[in-house]
Amino acid sequence: MSENKNLENGENKPVKASPNKPAVQKKSFIEGVKKAGRSIAKWGRDLKGEVRKIVWPGWKQTRNNSLVVVTVIAIFTVAVWLMDLIFENVILKGLLALVTGF
C-alpha cells in the first residue's frame, strides 16, 4: 500500500523497508500516560530527597538576617530621601534663578 502511495505521488521508486532497521511499534496512549506518571512520581521522590538535604536556619540566624535587611532598607530609605531633598532644592533654586535672574 505504501508503495502505491509513493508511486501515486509521482516518485519513481517505491520505498522499501530497510532490513537493518527494526519495525517501529506504536505505543498506545495509555502507555504514554503511564510513562508520564512514572516520570512525575520519580521527580516527586527526587524533590523530597533534595528538600531533606536543606539545612534550615535557626530562629537566631533568621532574626539576625531580618534585622540586617530592615537596617539596610532604613539606611537606603534615608539616603534616597536626602538625595531627593537636595536635588529638589538645587533644581528649584536653579529654575528660580533662571526665571528671576538671581
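Values quoted throughout were computed directly from the atomic coordinates according to the rules given, and no laboratory measurement underlies them. Values in this document were obtained by computation on a predicted structure and should not be read as measured data. Methodologically, a virtual Cβ is constructed for each residue, glycine included, from the backbone with ideal geometry; neighbour enumeration extends over all protein chains shown.
Descriptive notes on the structure:
- Computed log₁₀ I(q)/I(0) - Debye formula, equal Cα scatterers, no solvent, region 57-102, q 0.22, 0.26, 0.27 Å⁻¹: -0.75, -0.84, -0.87
- Ranked by how many other beta carbons lie within 10 Å on average, peptides 31-42, 51-62 from highest: 31-42, 51-62
- Rounded to whole numbers, the Karplus 3J(HN,Hα) couplings from phi for region 76-87 are 5, 5, 5, 4, 5, 4, 5, 4, 4, 5, 5, 5 Hz, using 6.51 cos²θ - 1.76 cosθ + 1.60 with θ = phi - 60°, and x at Gly and Pro.
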